[in-house]
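Encoded as structure tokens, the structure appears first; notes follow it.
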Amino acid sequence: MRLVSFKQNGHTTAGLLNGKGVYPLHGVGYEDAISFIAAGHDAHQRLEHLATNASKRDLLPLDSVHLIAPIPRPPKILCIGLNYRDHAIESKMEIPSVPTVFAKFPNAVIGPGDPIVLSTATEKPDYEAEFAVVIGRRAKHVSKSNWKDFVFGYTILNDVSARDVQLATSPWTVGKSFDTFAPLGPHIVTADEVPDPHGLDIRLSIGGEMLQHSNTRELIFGVPELIEYLSRGMTLEPGDIISTGTPAGVGLGRNPQRWLRPGEEVVIEIDKIGTLRNPVVAERTAN
């Protein structure tokens, strides 16, 4: 099952992708993605059956809707820094012994095809391909032995970073939370379609040049460890995003360093999840 959010005729709602189109959820009681995620397993199964067997008149053609981020305003976006050994090394930072956690704020979220706007407040905008986990149930003090009970599904997040702003202070939040600096999507793939999230190829390219290529098996802290660690002190809620970190190949670690430029398109692909594409544009400022 693949969950999307979309705009049509000025209205924002959620839907399930069917091979023939989009099955809208607002007509069956769910106005947005989070309310559907929070509805639980039985509701998900029932709606998946309805979407799979929907007639053409009950579906919206995919080309008639504008896909946005599958969760336009996540309650929390929890990012894990330095979670691939090769990325920690290229960043000249110590291999972490516990997860390095920082936040991105919802203002940064954009959807597939939306432009990454390069703010004039940074001279070093960077890209980071990341595999992201979507929490499905309220979670507190979760053991890594039952982590799967709390995962709704998986998606892609580009942890775009203003490196000069990020590294000017020890908390990274501001440099990570510029507007448009969290492309998300294009959809959420439910966990049943990805039995093991720790063996997925992850790739990022710009203009056909492969800049990042790794596999989620290389994560230092896997999904079970992250959910256990995070839920010790905070309650995870339906729709929360855990972005698991990026592999080597970011612009910061290259020689010479390579920053995002207007006119480019960033393409992230993750096996079993899909492809997230976003153009890059310069910020327009008032004269």
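If I ask for residues that are open to solvent by 40 Å² or more (accessible area, probe 1.4 Å), over 19 Å from the mean Cα position of the chain (by Cα) and more than 23 Å from Arg163 (Cα to Cα), which ones from the stretch 60-96 would you list?
Pro61, Leu62, Asp63, Ser64
Please specify each residue of the stretch 215-260 satisfying the condition of being of a type in the set (Ser, Thr, Tyr) and crowded, with 19+ Cβ neighbours inside 10 Å.
Taking the stretch 215-260 and keeping what is of a type in the set (Ser, Thr, Tyr), we get 216, 229, 231, 235, 243-244, 246.
Passing the criteria: Thr216, Ser231, Ser243, Thr244, Thr246.
Here is a list: Gly208, Gly253, Gly239. Which entry is over 20 Å from Gly175 (Cβ atoms) and in contact (Cβ under 8 Å) with a residue 40 or more places away in the chain? Step through it out loud before you land on a result.
Details: Gly208 fails: in contact (Cβ under 8 Å) with a residue 40 or more places away in the chain; Gly253 fails: over 20 Å from Gly175 (Cβ atoms).
Going through Gly208, Gly253, Gly239 in turn, just one is over 20 Å from Gly175 (Cβ atoms) and in contact (Cβ under 8 Å) with a residue 40 or more places away in the chain: Gly239.
Please state which of the following conditions Leu118 fails to meet, knowing it meets all the rest: (1) touching a Phe, Trp or Tyr at 6+ places or on another chain (Cβ under 8 Å); (2) open to solvent by less than 30 Å² (accessible area, probe 1.4 Å); (3) at pLDDT 95 or above.
If we test Leu118 against (1) touching a Phe, Trp or Tyr at 6+ places or on another chain (Cβ under 8 Å); (2) open to solvent by less than 30 Å² (accessible area, probe 1.4 Å); (3) at pLDDT 95 or above, just (1) comes out false.
Of all strands (runs of 3 or more DSSP E) completely enclosed by the stretch 6-122, which ones contain at least 2 residues that are over 28 Å from Met234 (Cβ atoms)? Working first, answer last.
Working: elements: 11-18, 21-24, 66-68, 77-81, 100-104, 116-118.
Output list reads 11-18, 21-24, 66-68, 116-118.
Restricting attention to the stretch 38-58, which residues are touching a strand residue (DSSP E or B) at 6+ places or on another chain (Cβ under 6 Å) and surrounded by fewer than 20 Cβ atoms within 10 Å (Cβ to Cβ)? Steps first, answer last, please.
Of the residues in the stretch 38-58, the ones touching a strand residue (DSSP E or B) at 6+ places or on another chain (Cβ under 6 Å) are 51, 54.
Passing the criteria: only Ala54.
Could you grab me the full set of residues in the stretch 219-272 that are within 17 Å of Tyr84 (Cα to Cα) and assigned to a loop (DSSP other than H, G, I, E, B)?
Across the stretch 219-272, the qualifying residues are Ile220, Phe221, Gly222, Thr244, Gly245, Thr246, Pro247, Ala248, Gly249, Val250, Arg254.
If a residue must be open to solvent by 10 Å² or more (accessible area, probe 1.4 Å) and either in contact (Cβ under 8 Å) with a residue 24 or more places away in the chain or under 21 Å from Phe150 (Cα atoms) (or both), how many such residues does the stretch 1-37 contain?
Within the stretch 1-37, residues that are open to solvent by 10 Å² or more (accessible area, probe 1.4 Å) and either in contact (Cβ under 8 Å) with a residue 24 or more places away in the chain or under 21 Å from Phe150 (Cα atoms) (or both) number 14.
The values are calculated or read from the model by the stated rules, or taken from the named source; none is laboratory data. Treat the numbers as computed from the prediction; the structure is a model and nothing was measured. Neighbour counts run over all protein chains shown; Cβ positions are idealised from the backbone, glycine included. Quick note on the areas: whole protein, heavy atoms, side chains included, nothing else; ligands and nucleic acids left out. Shrake-Rupley method; radii C 1.70, N 1.55, O 1.52, S 1.80 Å.
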